[in-house]
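The values are calculated or read from the model by the stated rules, or taken from the named source; none is laboratory data. Please read all numbers here as calculations on a predicted model, not as lab measurements. Here the Cβ positions follow ideal geometry from the backbone for every residue, glycine too, while neighbour counts run over all protein chains shown.
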Amino acid sequence: MKKLFLFAFMIHSVSIFAQEADASGGIATVQFSATGINDMENQAFFNYFLEELGNASEDTFQDQAAIGEKVNSLALGSSDCYTAECMKAALDALAADQLIAGSLSFTKNKYRVKLQVLDPSKAEKPKKFSIRYKGEVDGFVTELQILAWDIMGKTPPGTLLGKRKPSQESLFENPMFKTGLILGVAGLSASSYISNTAAASKSQDAADQNEKDNWEPGRIAHQESADKSSSEATLSLLICLASLGYAYYDGVFDELFGLSNTQNETLVLEESTLNSATVEND
């Protein structure tokens with residue numbers, strides 16, 4: 001069903017390239033660097049996005065083939081090009097009024113889009129946009145279309161907003177929530193470790209002093225207190241390390257900060273990419 005949905009749009013998508021600028025000026029939009037989906041799906045998603053950009057903007061768009069040809073001439077396709085320098089080089093090469101580029105990933109049954117928007121007046125500080133969505137493909141397409149309007153700084157039409165479907169991502173799947181929860185547990189555990197370690201040391205000193213004073217009841221009481229605090233400190237340390245270990249193993253921090261074990265979330269400006277085609281705004 002997903003592939004049929006996307007393939008149907010592939011036939012329709014040719015019309016979106018009618019709004020093209022000359023070799024310079026206008027908006028240059030680079031096809032998504034994609035992981036977790038095939039080339040046909042990536043092409044279809046990009047076409048939806050590009051068409052909606054045209055609906056949201058009265059500006060002209062550069063020809064996709066021309067974008068690929070010019071950017072490929074920079075020899076930037078060998079590794080990654082999400083750095084400010086690489087984005088600026090692409091913007092200059094295209095002589096565009098605005099450059100839109102980014103990545104699309106599909107992992108753990110969730111879609112993630114991260115885009116950068118760069119214009120010559122603020123070449124050192126691109127605007128960043130991202131969406132996360134878990135659900136059916138048509139729901140994700142709607143979010144992608146809404147993102148196009150957000151990038152253009154305009155309110156999406158009511159007909160588009162009316163098609164919106166809530167993400168099926170649970171609270172515990174959200175990296176922001178999971179990170180906050182894990183850091184909270186780790187922080188409380190670390191604090192408990194510090195306080196219990198200090199208490200154990202203080203009780204042990206008191207027990208040692210009582211032993212010197214030959215006061216056995218006091219020594220026993222303080223020694224038991226020291227042992228208890230020491231055990232609680234050890235447990236707190238284990239909880240702290242376990243929570244951080246879980247975060248590392250589960251990739252919570254990687255997902256939150258846009259890293260990936262399989263991809264550096266980079267803009268790979270390869271010919272095969274360039275020649276095909278809940279919103280967060282930084």
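So is Ser195 on the phi < 0 side of the Ramachandran plot and crowded, with 16+ Cβ neighbours inside 10 Å or not? So Ser195 does not fit the description; no.
Here is a check on your reading of the model: is Glu211 at pLDDT below 90, out of contact with any Pro (no Cβ under 8 Å at 6 or more places or on another chain), of a type outside the set (Phe, Trp, Tyr) and not in a helix (DSSP H, G or I)?
No; evaluated as a whole, the condition is false for this residue.
Report, by residue number, each residue of the stretch 118-136 that is buried (at least 20 other Cβ atoms within 10 Å of the Cβ) and among the aliphatic types (A, V, I, L, M). Scanning the stretch 118-136 gives Leu118, Ile131.
Considering (1) modelled with pLDDT under 90; (2) more than 20 Å from Phe45 (Cα to Cα); (3) out of contact with any Gly (no Cβ under 7 Å at 6 or more places or on another chain), the lone condition that Asn109 does not fulfil carries the number (2). Asp119 meets the conditions (1) outside the structural domain of Ala34 (by TED's automatic domain parsing); (2) over 30 Å from Glu232 (Cβ atoms) in every case but one. The failed one is (1).
Does Ile27 count as modelled with pLDDT of 90 or more and within 20 Å of Pro120 (Cβ to Cβ)?
Details: modelled with pLDDT of 90 or more: yes; within 20 Å of Pro120 (Cβ to Cβ): yes.
It is true that Ile27 is modelled with pLDDT of 90 or more and within 20 Å of Pro120 (Cβ to Cβ).
In this structure, does Phe177 turn out to be in a strand (DSSP E or B), out of contact with any Phe, Trp or Tyr (no Cβ under 8 Å at 6 or more places or on another chain) and surrounded by 13 or more Cβ atoms within 10 Å (Cβ to Cβ)? Considered against the rule, which asks whether it is in a strand (DSSP E or B), out of contact with any Phe, Trp or Tyr (no Cβ under 8 Å at 6 or more places or on another chain) and surrounded by 13 or more Cβ atoms within 10 Å (Cβ to Cβ), Phe177 comes out as no. Please go through (1) of a type outside the set (Val, Ile, Thr); (2) within 26 Å of Phe46 (Cα to Cα); (3) in the same structural domain as Tyr246 (by TED's automatic domain parsing) for Leu147 and return the number of the only condition it doesn't satisfy. Here Leu147 clears every test but (3).
Could you check the stretch 40-87 and list, in sequence order, the residues that are modelled with pLDDT of 90 or more, of a type in the set (D, E, K, R) and within 23 Å of the chain's Cα centre (by Cα)? Selection gives Glu41, Glu52. Cβ-Cβ distances below 9 Å connect the following pairs, each with a first residue in the stretch 60-82 that is in a strand (DSSP E or B), a second residue that is modelled with pLDDT under 60, and a separation of six or more residues or different chains: Phe61/Ile16; Phe61/Phe17; Phe61/Gln19; Phe61/Glu20; Phe61/Ala21.
Does at least one position in the stretch 214-234 carry a residue that is outside the structural domain of Arg112 (by TED's automatic domain parsing), at pLDDT below 90 and acidic (Asp, Glu)? Yes, some residue in the stretch 214-234 is outside the structural domain of Arg112 (by TED's automatic domain parsing), at pLDDT below 90 and acidic (Asp, Glu). At pLDDT below 85 and under 30 Å from Ser170 (Cα atoms), is that true of Gln116? Spelling it out, it is not the case that Gln116 is at pLDDT below 85 and under 30 Å from Ser170 (Cα atoms).
If the condition is being among the small types (Gly, Ala, Ser) and part of a helix (DSSP H, G or I), then the stretch 128-174 contributes Gly139, Ala148, Gly158.
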